[in-house]
Amino acid sequence: MRRRKPVLMKLLAAGLFGLILASYSVAQSHTIAVIVNPKNPVTNLTLGDLRKIFTGVERTWHGGLPVKITVRGPDTLERFVLLRILGMSEAEYRQYWTAKVFRGEADGEPVVLPSFGMTKEAVGLFPGGIALVDVQDLKPGMNIKVIKVEGHMPGEPGYPNL
Amino acid sequence: MPNRIAAATFTRLISGVLFLSGIAGAQSSEPADQQTIQLLMQQVKQLQQQQLALQDRINLLEANQKSSTEVPPATPAPVPTPTRSETATPSQTPAPSETAAASSPEMHNLHGIRWRGFGELDYKVLNQRTPELGTYGFVPGSAGNFYVGDFDLFLTSRLTRKSSVLSEIDFEEGDAQRFKVDLRRMLFKYDANDHLRFSFGRYQTSIGYYNWAFSSATWLQTTADRPLVMEYASNGGLLPTQAVGVSVTGSIPLGRVGLNYVAEYGSSDTVRPDINGDGLLNDENNGNQINLGFFLNPDRVFGLRIGGSIYHDQISDLVLSVGGGPIGAQGAGGIAPSPSARWNQTIVNGHIVYIAHGIEFLNEGFLIRFAPTIAGETFNTPAFYSQFSKKLGPVRPFVRYQYINASPQNAIYNDVGLRYGPSFGLRYDANDYIALKAQLDHTVRRGLPDLNGLHLQLAGTF
């Protein structure tokens, strides 16, 4: 009976390690891309730009085109990455937008869309649309444009770990 | 022998397969099929509901798209061209426009008017039986009592793509559980572009950070109350927190430093109660105030804000009785039955704030200067507060230290004197709508015993 505990502990540790490894490999295989409307001339954004856009600090593209943010809902990879970029938890993100609305700096939180398909459609519809998407969802011929982040396209060396 | 072993293995395999297929056959023929069908039916229903929800969202998007294409030169031609080679990065500051049109489940919509409510319930106990701050329904003679504080209704409505209306109606508890209505903010907003945004109406003055960042809604604050220097003037705070006039803000395109400006011109007309419980009011009879501020939001350190402002006005030191009748002017020896004097009021602020990664670190310093318009002594009142908190799951412990040093000879702040001390507490977010806060305050006062307080608060939004 005494021997079972170490064996159990080893099994648990191995399971945990496997889980971490699996989640790491999933994270590695899922790169996040920044997409905009094809009519938007923007070609590159820095991480600082992304933070300012997705916090509503910058709300017009250069030239006056209004930024239209679409985000995915909680418990999605895109949302996880968004919160990591912003350095916020889910609750902080919601509270941040409530405060922003209360200061009169926004009418509401960004639109939350439940799927990649709808995100893609929304970005394609709005000239100022922008969203974070999983690279694996992207296919040729879509009415969206993938832009560089910090001067690199997704998959290129130097692309930030979004 | 090998043949025998092979034959035995083959027999076992066959019997195993037959056994498994028997089980499978038995399972498929059981009446549990009905349960499976029911489950599938449920799933179909769920999928239908999801489809309906998605259809709703599509409708919303289409409606939004229609509204966006109605006004701006959206479609084919005039797309802005980037000026910088690498980017067409957005310019710096808010211009509530299309993002604004984004629908939020957090805001209620009624015929185009979006609204949200904030409320609180407080229990505050002190180690003295006289009220502090002259706030709310504190009953003189009791050490502690419950009060409702501020009940806020926040309404916004978009008029055109560039203009909107914002109002904040506050029901504030006074003496004997009587409530007064205070239109804390009422603004007509017009956003010409990111660099020029106008607000006309009653606004919160942008003296420093706190008054800009936090309004009446205590749910938004980490602590149970505002720092004394930033307390609303109607509650005994030192600064003119509200004004009626015009406010202009915007960004100044200076690369990645994120420079922003704010300029305000308006009338404050502040009446503040003494905070020492004597029941007197100071009617400052303000002139027209001007406030100018700048702040940086550097790209390199997201969440950092460094800024400052300078404010100027002319005020009087007229003292009113509780009933509102004039008594005279406050002087060194108390209330003098003379006409009030006029003072040049100058308020200089500097602040460094960092909010990111669950950390909230607020630091603000003030110098409030009163110089008589004719002749006499000038008074400088330094004040600062520093507040640090870190979110740990649903709990956010915080610590705050504040300091105010008003001269006893200062005719306007003679009820304030020297006050300093720490506050400790916890904020617990039960969910996205309810926060519970517990705060301990220790205040050292010149010429008076130290003041200790416990403040419990239930703050919510709906």
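For the stretch B:111-455, what class follows from the C-alpha gyration tensor (a ≥ b ≥ c being the square roots of its eigenvalues): rounded when a/c is under 1.5, otherwise prolate if a/b is larger than b/c, else oblate? Since a/c stays below 1.5, the shape of the stretch B:111-455 is classed as rounded.
When the Gaussian network model of chain A links Cα atoms closer than 10 Å, the mean-square fluctuations of A:ARG59, A:ARG51, A:ARG94 top out at A:ARG94. Using all pairs of distinct alpha-carbon atoms, the Kirkwood hydrodynamic radius of the stretch A:32-149 works out to 14.4 angstrom. Modelled spin labels at A:ASP75 and B:ASN344, positioned 7 Å past Cα toward Cβ, are 6.3 nm from each other. Suppose R0 equals 35 Å. What FRET efficiency, 1/(1 + (r/R0)^6) with r the Cβ-Cβ distance, do B:VAL181 and A:ARG84 give to the nearest 0.05? Efficiency for this residue pair is about 0.20. Each peptide among B:183-192, B:372-381 gets the average number of other Cβ atoms lying within 10 Å of its residues, and from highest to lowest they stand as B:183-192, B:372-381. On the beta carbon distance between B:LEU153 and A:GLU156, with R0 = 45 Å, the FRET formula returns roughly 0.30.
If you plug the beta carbon distance of B:ARG129 and B:VAL395 into 1/(1 + (r/R0)^6) with R0 = 30 Å, you get a FRET efficiency near 0.35. Please report the net charge: other residues with Cβ closer than 11 Å to the Cβ of B:LEU458, K and R +1, D and E -1. With Lys, Arg at +1 and Asp, Glu at -1, the net is -1. Legend: residue pairs A:LYS100/A:LYS139; A:LYS52/B:LYS124; A:LYS68/B:LYS189; B:LYS189/B:LYS390; A:LYS52/B:LYS391; A:LYS100/B:LYS390, Cα-Cα distance threshold 30 Å; pairs beyond threshold, A:LYS100/A:LYS139; A:LYS52/B:LYS124; B:LYS189/B:LYS390.
Values in this text are rule-based calculations from the coordinates and carry no lab data. The structure presented is a predicted model; accordingly, all values stated were derived computationally and were not measured. Backbone-built Cβ (ideal geometry, glycine too); neighbour counts: all protein chains shown.
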